[in-house]
1. Please state, rounded to one decimal and in Å, the Kirkwood hydrodynamic radius that the chain gives when every pair of distinct Cα atoms enters the mean of 1/r.
2. Below 8 Å between Cα atoms, with a sequence gap of 6+, how large is the relative contact order for region 60-104 in percent?
3. May I ask you to rank K59, K70, K108 by accessible area, largest first, using a 1.4 Å probe over the protein chains only?
4. If you put +1 on each Lys and Arg Cβ and -1 on each Asp and Glu Cβ, how big is the dipole of the chain around its Cα centre, in Debye rounded to 20?
5. List the pair-distance distribution P(r) of region 3-65, using every Cα-Cα distance, as the percent of pairs falling in each 5 Å bin from 0 up to the bin containing the longest distance, rounded to whole percents.
6. Given 0.36 nm per residue, what is the gain on full extension from S50 to T23 after removing their alpha carbon distance, in nm?
7. In what order, largest first, do S2, S46 sit by accessible area if the probe radius is 1.4 Å?
8. Count the net charge of all other residues whose Cβ sits under 11 Å from the Cβ of V26, scoring Lys and Arg as +1 and Asp and Glu as -1.
Amino acid sequence: MSIDELTFDAAGLIPAVVQQYDTREVLMVGWMNAESVRRTAETGRSTFWSRSRQEYWVKGETSGHRQHVKEILVDCDADTLLVLVDQEGPACHTGTRSCFEHGTIEVKTA
């Protein structure tokens, strides 16, 4: 599949779920535009678009907690990416391995 075939939202972005390639642990979610998808594919380093700063950022560029991209998968609607990486150190800016270690919402079962 080519980048041109992806479905971006009105802001030109697509969500990217990042998982550890061997354990499938969900590490984080980021946003990419067409250029950051291209940069990620070409460099093998996760590159995202910062919605708040309006600029590109490469995961680990300042922290050293790099993501080495193994594969980029596209979902059935071509509107979400699954980025399989080998994570160096914590993925979350808070210092935890995953961004999903900060609480849960109780689910009532029927």
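The values are calculated or read from the model by the stated rules, or taken from the named source; none is laboratory data. Worth saying up front: this structure is predicted, and the values here are computed from it rather than measured. Cβ sites come from the backbone with ideal geometry, for glycine too, and all protein chains shown count toward neighbours. These area figures cover heavy atoms from the full protein model, side chains too; ligands, DNA and RNA do not enter into them. Shrake-Rupley method; radii C 1.70, N 1.55, O 1.52, S 1.80 Å.
1. Numbers: mean 1/r = 0.0690 Å⁻¹.
So the Kirkwood estimate lands at 14.5 Å.
2. On the way: 53 pairs, mean separation 13.6, N = 45.
RCO, region 60-104: 30 percent.
3. Details: K59 20, K70 120, K108 180 Å².
Accessible-area ranking of K59, K70, K108, largest first: K108, K70, K59.
4. On the way: 11 positive and 17 negative charges, 74 e Å.
Computed about the Cα centre, the dipole is about 360 debye.
5. All Cα pairs considered, the percentages come to 4, 17, 26, 28, 17, 7, 1.
6. Details: separation 27, 0.36 × 27 = 9.72 nm, distance 2.69 nm.
Length difference between fully extended and current span is 7.0 nm.
7. Details: S2 50, S46 0 Å².
Largest accessible area first, the list is S2, S46.
8. Working: positive: R24, R97; negative: E25, E101.
Summing Lys and Arg as +1 and Asp and Glu as -1 gives 0.
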